[in-house]
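Trainee: The following block contains the structure, expressed as structure tokens.
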Amino acid sequence: MRLLEVCVDNLQGVVAAARGGADRLELCASLADGGLTPSSAFIMAAKKAVNIPIYVMVRPRGGDFTYSDEEFAMMLQEVADAKAAGADGIVTGVINSQGELCPVKNAALIAAARPLGVTLHRAFDVAPNLFAALETAVALGFERILTSGGKAKAIESTDTIARLVQQAVNRIRIMPGSGVNTSNIQALVAATNATEYHFSAKITQQSPLAHLYQAHPAANAQNIVHWATADEATVSRMKQLLATI
């Protein structure tokens, strides 16, 4: 059985992804920034709205994955807050100035998250040697690795992802993500044989009050009028495709 994780940053998307058949959610704020830590209120609302596992992003800002001591202290608190709000797991990752996984900070995050599972996000893809980074992730105790195989899109690096899947077998899960969609999922499964896949299923929504916002001189109309959210039909279609492979 192949599992589908959908990343969402609003409650509408949470409900749509669950109705479409998502097996797990990655809950974030600001997917436009690559996903940041969501509020405790959002986590609690999502847990109340759906009955599937919710893994919560712990990332205090956009940009790189190297954090100051002050930022790292925030991350530890965010892990505690996510657990208190009912998270089923954590998604996080820290690298050092050489792009390698930071053993001390990642170990501290995983210890803080226990007994919850922890996914290593695409900070992994920055590593100079992905295969060595996988071994570090295993030793640290990560549950899975979200990866595009070191490229911008997972479909561009299927050979690397397939090698990671083979190396990881029975020790850690490899979950392809970035650019995964209904058009390439069959090719991605065939090439990598991964058992978990991550995508956003996003569509653009338009405010019913668009005519008011667009006419207002103080409004940044594009940001107010349109936003992205997960689409139930797209999630359902992806589940159907995975079931036939």
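The values are calculated or read from the model by the stated rules, or taken from the named source; none is laboratory data. It should be emphasised that the depicted structure is a prediction, and the values quoted were computed from it without experimental measurement. Cβ placement follows ideal geometry from the backbone for every residue including glycine, while neighbour counts extend to all protein chains displayed.
Trainee: Looking only at residues in region 76-100 that are assigned to a helix (DSSP H, G or I) and of a type in the set (Asp, Glu), which one is nearest to ASP64 (Cα to Cα)?
Mentor: Checking each candidate, the answer is GLU78.
Trainee: Hey, another quick one. Mind checking which residues of region 88-98 are in contact with a helix residue (DSSP H, G or I) (Cβ under 6 Å, 6 or more places away or on another chain) and either among the hydrophobic types (A, V, I, L, M, F, W, C) or over 14 Å from GLY141 (Cα atoms) (or both)?
Mentor: ILE90, VAL94, ILE95
Trainee: Quick test of your reading of the structure: ALA16 fulfils all but one of (1) at pLDDT 95 or above; (2) touching a Leu at 6+ places or on another chain (Cβ under 6 Å). Name the failing condition by number.
Mentor: (2)
Trainee: Here is a follow-up. Polar (S, T, N, Q), modelled with pLDDT of 95 or more and either touching a Pro at 6+ places or on another chain (Cβ under 6 Å) or surrounded by fewer than 22 Cβ atoms within 10 Å (Cβ to Cβ) (or both), is that true of THR136?
Mentor: Yes: the conditions hold for THR136.
Every residue, every condition in (1) crowded, with 17+ Cβ neighbours inside 10 Å; (2) without any contact (Cβ under 8 Å) to a residue 24 or more places away in the chain; (3) among the small types (Gly, Ala, Ser); (4) farther than 23 Å from VAL138 by Cβ, yes or no:
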| site | (1), (2), (3), (4) |
| --- | --- |
| PHE42 | yes, no, no, yes |
| ALA49 | no, no, yes, yes |
| ARG61 | no, no, no, yes |
| GLU70 | no, yes, no, yes |
| MET75 | yes, no, no, no |
| GLU78 | yes, no, no, yes |
| GLU100 | no, no, no, no |
| VAL104 | no, yes, no, no |
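Trainee: Restricting to region 170-192, and then to whatever is under 26 Å from GLU232 (Cβ atoms) and in a loop (DSSP other than H, G, I, E, B), can you tell me which residue is nearest to the chain's Cα centre (by Cα)?
Mentor: Among residues in region 170-192 that are under 26 Å from GLU232 (Cβ atoms) and in a loop (DSSP other than H, G, I, E, B), the one nearest to the chain's Cα centre (by Cα) is SER178.
Trainee: Look at VAL58 and say whether it is β-branched (Val, Ile, Thr), at negative phi and in contact with a Ser or Thr (Cβ under 6 Å, 6 or more places away or on another chain).
Mentor: The answer is yes for VAL58.
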